[in-house]
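Visitor: The structure's right below; bear with me while I get my questions together.
The values are calculated or read from the model by the stated rules, or taken from the named source; none is laboratory data. Given the structure is predicted, the values throughout are model-derived calculations rather than measurements. Cβ coordinates were reconstructed from backbone atoms using ideal geometry, including for glycine residues, and neighbour counts include every protein chain displayed. Heads up: the accessible areas ignore ligands, DNA and RNA and are worked out on the full protein's heavy atoms, side chains in. Shrake-Rupley method; radii C 1.70, N 1.55, O 1.52, S 1.80 Å.
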Amino acid sequence: MLQRILTVLITVPIIIFCTYSGGIWFFLMVTSLAVISLNEFFNLMKSKGLSPYYTLGNFFTLFFIVFIQMTLKHPAWESAFSVILTGSIISVFCAAIFIRRTAMATVNIAITVLGTLYVGWLFSYLVLLRDLTPHGACLFFLMITIWANDTAAYLIGGKFGRKQLSPYISPKKTVVGAIAGFIFALAVAFVFGMLTEKTYLPANWLQYIILGALIGVFSQLSDLSESLIKRDAGAKDSSRLVPGHGGVLDRMDSFIFAAPIAYYFLIWFIIK
């Protein structure tokens, strides 16, 4: 527990600084997290005897994030995003042809494309979220809501939880923990609205609650999805890079689904 707390005390201020500052600091943070997470995913697949194409996967993961960063200054480029996706799929198939290793070739192609989309594509929404408001207020909303959800689920679920949420995928997660996390996500979302609007009853309170609910649900589904990957690979953690927390992918797993869900809700229903 002490190791977990020390890690949080060191890393959280860095994350807050990079997110608030934006620019090169935020870009370097997101690309670093994405590249490390991708390679942890590939290493998990390698432990299963598969052979993902590391070079191509890393290249297109970086390309996704760099390109989405460029579209912030050149919005007209956004339509070309599908071209990059198409190019990544074709490139991976071509690599499989020239590597001439036919054993498990289809699976290796599939996990390379999956890793690139799962990490590169979905991590790029962190960049889009941060750009919606000055100094990344929307991304801070996501961060704080997810952290509240994860902390409540871990502490309350560990203390009072009995019935397992998904015994095969994640034996330590409980139904009580999931419910507690969801409730805390709603509460933090509402408090965030109070502080933002400086009132006890925000005018847009329902929007805050809905967004908090979406984050509460999809962050837990995202967490379980990463746990599914680890269980399939027979691993407890994605790596041991983060003391007391496992790997970077373990720390980012809740954001992978929640970030795009939050982004689309915001641009479709709130920021029009």
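Visitor: Tell me the residue from Phe182, Phe192 that is modelled with pLDDT under 95, open to solvent by 20 Å² or more (accessible area, probe 1.4 Å), in a helix (DSSP H, G or I) and not aliphatic (A, V, I, L, M), please.
Guide: Values: Phe182 fails: modelled with pLDDT under 95.
Criteria check complete, one pass: Phe192.
Visitor: Determine whether the range 240-251 contains at least one residue that is over 26 Å from Ile10 (Cβ atoms), open to solvent by 20 Å² or more (accessible area, probe 1.4 Å) and assigned to a helix (DSSP H, G or I).
Guide: No: zero hits.
Visitor: Another question, if that's okay. Taking the condition within 19 Å of Leu38 (Cα to Cα) and free of Cβ contacts under 8 Å to residues at least 40 places away in the same chain, does Ser225 pass?
Guide: Values: within 19 Å of Leu38 (Cα to Cα): yes; free of Cβ contacts under 8 Å to residues at least 40 places away in the same chain: yes.
Yes: the conditions hold for Ser225.
Visitor: In the range 1-83, which helices (runs of 4 or more DSSP H) lie fully inside it and hold 1 or more residues that are surrounded by fewer than 17 Cβ atoms within 10 Å (Cβ to Cβ) and in contact with a Cys (Cβ under 7 Å, 6 or more places away or on another chain)? Talk me through it step by step, then tell me what you get.
Guide: Values: elements: 2-21, 23-46, 54-71.
Ranges flagged: 23-46.
Visitor: List every residue pair whose Cβ atoms sit under 6 Å apart, with the two residues 6 or more apart in sequence or on different chains, where the first one lies in the range 120-131 and is surrounded by fewer than 24 Cβ atoms within 10 Å (Cβ to Cβ) and the second, anywhere, is not in a helix (DSSP H, G or I).
Guide: From the range 120-131, the pairs are Asp131/Leu72.
Visitor: Can you report the number of residues in the range 84-112 which are open to solvent by 30 Å² or more (accessible area, probe 1.4 Å), part of a helix (DSSP H, G or I) and among the aliphatic types (A, V, I, L, M)?
Guide: Start the filter on the range 84-112 by keeping residues that are open to solvent by 30 Å² or more (accessible area, probe 1.4 Å), which leaves 85-86, 89-91, 93-94, 97-104, 106-107, 110.
From what's left, part of a helix (DSSP H, G or I): 85-86, 89-91, 93-94, 97-99, 106-107, 110.
Retained after the next criterion (residues that are among the aliphatic types (A, V, I, L, M)): 85, 89-90, 97, 99, 107, 110.
Qualifying residue count for the region: 7.
Visitor: Which residue pairs have Cβ atoms closer than 6 Å, lie 6 or more positions apart in sequence or on different chains, and pair a first residue in the range 17-40 that is over 13 Å from Ser124 (Cα atoms) and at pLDDT 95 or above with a second residue that is open to solvent by 40 Å² or more (accessible area, probe 1.4 Å) and not hydrophobic (A, V, I, L, M, F, W, C)?
Guide: Listed by first residue and then by second, the contacts come to Tyr20/His135.
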